[in-house]
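Below is one structure, written out as structure tokens; the observations come after it.
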Amino acid sequence: MKSVWKVTFLLGMTSSLVAAEKPDVQAIVNKANIVAYYQGKDGKATVKMKITNKQGQERTREFNILRKDVKDGGDQKYFVYFQRPADVRKMVYLVDKHTDKDRDDDRWLYMPGLDLVKRIAASDKRTSFVGSDFLYEDISGRSLDDDTHELIQATDKLFVVKNVPKEPDSVEFGHYNVSIDTKTYVPMKMEFYDKKGTLYKTIESTKIETIQGFPTVVKSVVSNLQTASKTEMEFGKVEYDINLNDSIFTERYLRRPPREAIR
């Protein structure tokens with residue numbers, strides 16, 4: 001009887017240890033989301049974007065991006081000011097990001113050539129960002145509550161999480177997998193699959209630097225396997241915790257951007 005009890009006890013201990021060692025997927029995606037989009041209380045960077053089509057023709061974009069967190073892991077504000085080339089110069093993209101699942105993000109685009117402020121509809125957030133392979137939603141991030149998350153692989157180097165949209169009719173993909181560095185929690189690669197299960201787009205973090213103690217993606221590339229085009233983004237002059245004023249992230253600054261956005 002003692003022998004049976006001992007075996008049962010040991011099996012119970014083993015099951016408990018396995019359960020304790022298995023990473024919690026929600027904790028993983030929460031931490032990766034903080035690392036990807038919420039480093040510091042606010043921040044700024046210059047961005048150089050190169051868009052290459054199937055024929056090898058290149059277009060460039062240069063812009064400054066400001067970001068302020070309303071709540072860590074929650075609502076945020078973004079202000080993007082375009083410097084070059086001439087056809088997009090002084091264009092502004094403004095985002096008021098909401099993590100409440102019952103409230104859509106507020107997004108505006110100011111087009112200086114027409115002196116027009118355009119409200120970007122929620123349905124448009126998964127359209128091309130200024131002609132690139134990145135989408136509007138890629139810039140400020142997708143809400144974690146929009147998807148279910150499943151840990152499908154865990155190695156010494158990477159966690160691989162499968163994400164399935166809760167409202168499949170609202171997006172063009174069937175699911176996407178994210179490979180997350182186990183030490184830094186930086187999302188290293190995203191793979192998007194269509195509704196037939198075919199891989200059609202990847203987003204990769206190709207260079208990481210530690211800035212002010214924060215692991216930071218300073219180079220990334222998105223590849224569209226359907227069109228054979230790709231877009232590379234390089235981040236420079238990255239700064240965190242610069243105490244940006246809330247008033248910067250309002251419609252009043254769309255036509256006359258603040259000094260912090262221009263420099």
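The values are calculated or read from the model by the stated rules, or taken from the named source; none is laboratory data. Keep in mind the model is a prediction, meaning the values are calculated, not measured. Quick reminder, even Gly has a Cβ in these numbers, built from the backbone with ideal geometry, and neighbours come from all protein chains shown.
If you take the residues in region 232-256 that are of a type outside the set (D, E, K, R) and within 16 Å of THR46 (Cα to Cα), which one is surrounded by the fewest Cβ atoms within 10 Å (Cβ to Cβ)?
Initial filter on region 232-256 (of a type outside the set (D, E, K, R)): 233, 235-236, 238, 240, 242-245, 247-250, 253-254.
Keeping just the survivors that are within 16 Å of THR46 (Cα to Cα) gives 233, 235-236, 238, 240, 242, 244.
Numbers: MET233: 24, PHE235: 18, GLY236: 10, VAL238: 20, TYR240: 17, ILE242: 13, LEU244: 20.
Here the answer is GLY236.
Identify, from the list PHE159, PHE134, PHE192, PHE214, the residue that is of a type in the set (Phe, Trp, Tyr), in contact (Cβ under 8 Å) with a residue 40 or more places away in the chain and under 29 Å from ARG59 (Cα atoms).
Testing whether each residue is of a type in the set (Phe, Trp, Tyr), in contact (Cβ under 8 Å) with a residue 40 or more places away in the chain and under 29 Å from ARG59 (Cα atoms) leaves just PHE134.
Can you list residue pairs whose Cβ atoms sit under 8 Å apart, with the first residue in region 117-129 being within 20 Å of ARG252 (Cα to Cα) and the second being among the acidic types (Asp, Glu) and surrounded by fewer than 15 Cβ atoms within 10 Å (Cβ to Cβ)? Count only pairs 6 or more apart in sequence or on different chains.
From region 117-129, the pairs are VAL117/GLU251.
Somewhere in region 19-40, is a residue at pLDDT below 90 and over 30 Å from VAL161 (Cβ atoms)? Explain how you work it out, then say what you get.
Restricting attention to region 19-40, the residues satisfying the condition of being at pLDDT below 90 are 19-23.
Filter once more, so that each one left must be over 30 Å from VAL161 (Cβ atoms): none.
Among the residues of region 19-40, not one is at pLDDT below 90 and over 30 Å from VAL161 (Cβ atoms), which makes the answer no.
How about region 26-109: which strands (runs of 3 or more DSSP E) wholly inside it have at least 2 residues that are hydroxyl-bearing (Ser, Thr, Tyr), under 24 Å from ILE248 (Cβ atoms) and touching a strand residue (DSSP E or B) at 6+ places or on another chain (Cβ under 9 Å)?
Working: elements: 42-52, 58-69, 76-84, 92-97.
The strands (runs of 3 or more DSSP E) meeting that bar are 76-84.
When region 136-159 is examined, which residues are found to be surrounded by fewer than 17 Cβ atoms within 10 Å (Cβ to Cβ) and part of a strand (DSSP E or B)?
Once the filter is applied, which keeps residues that are surrounded by fewer than 17 Cβ atoms within 10 Å (Cβ to Cβ) and part of a strand (DSSP E or B), region 136-159 yields THR148, HIS149, GLU150, ILE152, GLN153, LEU158.
Looking at region 45-66, which of its residues are within 30 Å of LYS31 (Cα to Cα), touching a residue at least 40 places away in the same chain (Cβ under 8 Å) and among the charged types (D, E, K, R)?
Listed by number, the residues that qualify are LYS48, LYS50.
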